[in-house]
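Below is one structure, written out as structure tokens, with a few remarks after it.
The values are calculated or read from the model by the stated rules, or taken from the named source; none is laboratory data. Small disclaimer: the values here were computed from a predicted structure and weren't measured. Note that we place each Cβ from the backbone using ideal geometry, even for glycine, and neighbour counts take in every protein chain shown. Ligands, DNA and RNA are stripped out before the accessible areas are found, and what is left, the full protein with its side chains, is counted by its heavy atoms. Shrake-Rupley method; radii C 1.70, N 1.55, O 1.52, S 1.80 Å.
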Amino acid sequence: MADEPELAFLEQLRQKQSAKPGWSYFIQHFSGLLLQTIRESESDYDQVLDRYLFVCQKLAERECKRLLSFKRGGQREFSAWLRAVTRNLCIDYLREQQGRRRLPRAIARLSSLDQEVFESSFWHGHNATETYEKLRPNHPGLRFAQVLESSERIQVALQPWQLQKVLEQKPVPSPVSPIGSEGENLLEQVPDGRAGPEEDALLQEKARLLQGVVAELPERARMLLRLRFELGLTLQEVARLSGLGDHRKVHEELARILEQLQCTLKERGWSG
């Protein structure tokens, strides 16, 4: 049995009344080891956090059954065992993600039309006119203005760093049906709805400023922002995965982080 003081949390996990403190102890004391192990095969910050979240979710499944499968040894043996488990879970993550591309949670909450506009515009790189022509056969009565309105809803739903991340992704080619001469003339007559060069440059500059300020935050603060606003987890879920334990603590911590962000952005000339 694991009997070292550092591993007493395993016994806590076995008892329903002490499971939450046991999990909080694990997150606080072993997150560094998890992140270090994940970084051995992945350096991208967003990917590291995605895998970290996946590993934590898997370790917490079925009342922490994976963690409780560790039976013999002390702190050193547990750390080596946990590294091996983390590497295997990262492989499971890659297998699960292979060939899949999931909608961001903020987009999945929107209407089916908005989701189709998102896929066409952001995943396949079509402009507003091409998206309108692509969707019109399956949406009788669809107006071009509806596509523009949908694009606005999508940009409002996404956090600025989410939008920037999506825009930086390489478009996935999609088969396009041949368009006859009448269709080509129609495309020439309909405006594409894209922002002008000046507006586009301003949006890019704001996105760079925001990314830079967020990157300066401590790793824990960046993780909390990602869990809550990008992955769309509830305060309770964030509390559990972050080890804060109480959703009110998460709310207070996020409020402090957002206030800090707002002050820094204003100091650096953010407007609007």
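Projecting the Cα atoms of P104, F26, F118 onto the dipole axis of segment 1-157, where Lys and Arg carry +1 and Asp and Glu carry -1 at the beta carbon, places F26 farthest toward the positive end. Take the Cβ atoms of A255 and Q28, set R0 to 22 Å, and the FRET efficiency comes out at 0.55.
At full extension, A80 and Q17 could sit 19.8 nm farther apart than now, given 0.36 nm per residue minus the alpha carbon distance. In the context of the full protein assembly, S112 retains an accessible surface of approximately 80 Å², using a probe radius of 1.4 Å and ignoring ligands and nucleic acids.
Each label was represented as a point 7 Å from its Cα along the Cα-to-Cβ direction; for E216 and Q262 these points are 1.8 nm apart. With 31 Å as the limit on Cα-Cα distance, the pairs of K20/K266; K65/K249; K58/K266 that go past it are K20/K266; K58/K266. Exposure check, 1.4 Å probe, all protein chains in place: L261 carries approximately 10 Å² of accessible surface.
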